[in-house]
1. When a/c is below 1.5 the answer is rounded, else prolate if a/b is larger than b/c, else oblate, so apply that to the range 5-154 with a ≥ b ≥ c taken from the square roots of the Cα gyration tensor eigenvalues.
2. Are there trypsin sites (Lys or Arg not before Pro) in the range 174-265 that DSSP marks as loop and that have at most 12 other Cβ atoms within 10 Å, and which are they?
3. To the nearest 500 deg cm²/dmol, what mean residue ellipticity at 222 nm is calculated for the chain from DSSP H runs of n ≥ 4 alone, each contributing -39,500 (n - 2.57), summed and divided by the residues?
4. Which net charge results when you count Lys and Arg as +1 and Asp and Glu as -1 among the other residues whose beta-carbon is under 12 Å from that of Leu101?
5. Using Cα pairs closer than 8 Å and at least 6 residues apart in sequence, work out the relative contact order for the range 5-154, in percent.
6. Run the numbers for Thr14 and Val158: contour at 0.36 nm per residue of separation, minus the present Cα-Cα distance, in nm.
7. How about Lys249: which lysines have a C-alpha closer than 24 Å to its C-alpha, ignoring those fewer than 8 places off in the same chain?
8. At 10 °C and a viscosity of 1.306 mPa s, what translational diffusion coefficient does Stokes-Einstein give for the chain, taking Rh as the Kirkwood radius over Cα pairs? Give it in µm²/s as a whole number.
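What follows draws every value from the coordinates through simple rules; no lab data is involved. None of the values given here were measured: they were computed from a predicted structure. Cβ placement follows ideal geometry from the backbone for every residue including glycine, while neighbour counts extend to all protein chains displayed.
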Amino acid sequence: MRNPIVTLLTDFGTKDYFVASMKGVILNINPRCCLIDISHDVFPQDIREGAFILANAFSYFPKGTIHLAVVDPGVGSERKPILIETKNYFFLGPDNGLLTLATKQDEVRRVIKLTNKKYFLPYISSTFHGRDIFSPVAGYLSLGLRPETFGEEIKDWVKLDYKEPNIKGDKLFGEIIHIDHFGNLITNINRERFIYFTKSYNFNIKIKGKKVSGIKSGYWEGEKGEIIALFGSCGMLELSIKNESAQNKLKVKIGDPIIVERDIL
């Protein structure tokens, strides 16, 4: 790639020097890199939120893009720094499950444990591997170095355990897996599973003692204060309130249950 792309996703925020120093390290190694911020507002130490955001962004980038993601409660511990090469992309980050959802969508070719300190910064802080390990490796990788240059191949790495929606009789049980910036509640029920379950039945969606009927085409179809259900841009069933936060209205948190119930006459 003439101008290689490196994306960054972290929970570092933008107030401090963290993100800027990571970019500086990469650009010192390869000034031709195109650096793209996916997000730096992941809730602190929330690996699952980071995994969700990365999984819904990575595939829209050109093949060969290097995705650098750091949400790392275990920085400085024995957890491994890893590089995952998939069919179309490279992923760099801590071995804590952060890369799980993204790499499930693109065939994993190999996983490298980063051990070659030649490609790290000379001094490695115990609290900032994003700058001292992952950023220099991203820079050198963008120059075309092969993944095996950076360490040894491993067969086992951490994968987050995600619950699948569960059908029991005339009920489909799911849960909230993400709450976006607008307070929309995103579930683990995808469009295909929902259509398979509801078929031609009437149905109700239940959450926090509230009942929602039908699926809307978009946010604009909701009346003021009305809870609506729709399939959002990531293809998952979500609940929303027009011009309001469904999270604040319903007092919902990640992991809370949602039930789709068929009406049987």
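1. Numbers: a/c = 1.15, a/b = 1.00, b/c = 1.15.
Cα axes put the range 5-154 in the rounded bin.
2. Values: sites: Arg191, Arg193, Lys199, Lys206, Lys208, Lys210, Lys211, Lys216, Lys224, Lys242, Lys249, Lys251, Lys253, Arg262; in loops: Lys199, Lys208, Lys224, Lys242, Lys251, Lys253.
Sites meeting the loop and neighbour criteria: Lys199, Lys224, Lys251, Lys253.
3. Details: 6 runs with 47 residues, N = 265.
-4500 deg cm²/dmol, from helical runs alone.
4. On the way: positive: Arg48, Lys104, Lys159; negative: Glu49, Asp106, Asp161.
Counting the neighbours of Leu101, the net charge comes to 0.
5. Working: 295 pairs, mean separation 39.4, N = 150.
Relative CO of the range 5-154 lands at 26 percent.
6. Values: separation 144, 0.36 × 144 = 51.84 nm, distance 2.81 nm.
Computed gain between Thr14 and Val158 is 49.0 nm.
7. Lys206, Lys208, Lys210, Lys211, Lys216, Lys224
8. Details: Rh = 20.0 Å.
Using the Kirkwood radius from Cα pairs, D works out to 79 µm²/s.
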